[in-house]
Amino acid sequence: MIFKDKVFIVTGGSSGIGKATAQQLVARGAKVSITGRDKEKLEKTAGEVGALAIHADVSTEAGIERTMKETLDAFGSLHGLINNAGHGWVRKVGDYTWQDFEDVYRTNVFGAAMMGQAAAQYFKDKQYGNIVNIASTAALKGYAGGGIYSTSKFALRGLTQCWQAELRPFNIRVIGVNPSEVTTAFAQPGRMEREEVSNKLRGEEIAHAIVSALEMDDRGFIPELTVHATNPF
């Protein structure tokens, strides 16, 4: 893929992996819209990276419709979706609540699925498109306290595999990316970003993996990519 003048949506683009991905796409000449629920933070990030801010919650039908409409109105086309919006809790058996599951699954699974569907419908008409689903190494192996978050990412990984089977005949590439621990705002009170640690992954490394996978000539694609820190100990 040649990025110049290609149009991308990056959900959850206000910070972390989403922000870093938008930044790297823009640097390569792409046109990018980013979504987020915190309007002030979203607009600040958009100004920093040169993206279009769309104040939308993609875990809702209205948010997905707004994201697609405002992107197409602004840029006239769409070539890629980075399904990045997500969050989670650490909860052990005995501490689960219905609301915990509903909150996490609404964004990580239902929102990602319906955002992907909206993009796929557009891509099928064009016979071209790219969807990158940001899952997690928690989608490869469960862990203590991961009953809510990990299972949501297992579901997203399964969706990725189903979409690969369904959408390849339409020249749509679907790529799953599994980051290991990244110093982002994940599970942080108030969504405050963690400070960088020299031996931990940053959003930049995951963004590099996403962009590198997309950069392959359109005749090929990488179904799944997992990124670990070299020496996190």
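Figures for the structure shown
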| quantity | calculated |
| --- | --- |
| Selection within region 90-116 - more than 25 Å from the chain's Cα centre (by Cα) and of a type outside the set (Ser, Thr, Tyr) | Lys92, Val93, Gly94, Asp95 |
| Within region 90-125, considering residues that are touching a helix residue (DSSP H, G or I) at 6+ places or on another chain (Cβ under 9 Å) and among the aromatic types (Phe, Trp, Tyr), the one surrounded by the fewest Cβ atoms within 10 Å (Cβ to Cβ) | Phe101 |
| Selection count where residues are among the β-branched types (Val, Ile, Thr), closer than 17 Å to Ala213 by Cβ, touching a strand residue (DSSP E or B) at 6+ places or on another chain (Cβ under 8 Å) and not in a strand (DSSP E or B), scope region 1-49 | 2 |
| Qualifying residues in region 36-53 (those that are in contact (Cβ under 8 Å) with a residue 24 or more places away in the chain and touching a Ser or Thr at 6+ places or on another chain (Cβ under 7 Å)) - the one nearest to Gly111 (Cα to Cα) | Gly36 |
| Subset of region 50-82 (residues that are touching a strand residue (DSSP E or B) at 6+ places or on another chain (Cβ under 7 Å), polar (S, T, N, Q) and surrounded by 14 or more Cβ atoms within 10 Å (Cβ to Cβ)) | Thr67, Thr71 |
| Count of residues meeting criterion [buried (at least 21 other Cβ atoms within 10 Å of the Cβ) and of a type in the set (Val, Ile, Thr)] in region 149-173 | 2 |
| Condition met for Ser136 (modelled with pLDDT of 95 or more, closer than 23 Å to His208 by Cβ and surrounded by fewer than 20 Cβ atoms within 10 Å (Cβ to Cβ)) | no |
| Search result, residues across region 204-233 that are among the hydroxyl-bearing types (Ser, Thr, Tyr) and assigned to a helix (DSSP H, G or I) | Ser212 |
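Conditions (1) assigned to a helix (DSSP H, G or I); (2) free of Cβ contacts under 8 Å to residues at least 12 places away in the same chain; (3) more than 23 Å from Arg157 (Cβ to Cβ), marked per residue:
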{"position": "Arg66", "(1), (2), (3)": "yes, no, yes"}
{"position": "Glu70", "(1), (2), (3)": "yes, no, yes"}
{"position": "Ala74", "(1), (2), (3)": "yes, no, yes"}
{"position": "Ser77", "(1), (2), (3)": "no, no, yes"}
{"position": "Gly88", "(1), (2), (3)": "no, no, no"}
{"position": "Arg106", "(1), (2), (3)": "yes, no, no"}
{"position": "Ala119", "(1), (2), (3)": "yes, no, no"}
{"position": "Phe123", "(1), (2), (3)": "yes, no, no"}
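The values are calculated or read from the model by the stated rules, or taken from the named source; none is laboratory data. Just so it is clear, the model here is predicted, and its values are computed rather than measured. Heads up, the Cβs are rebuilt from the backbone with ideal geometry, glycines too, and the neighbour counts pull from every protein chain shown.
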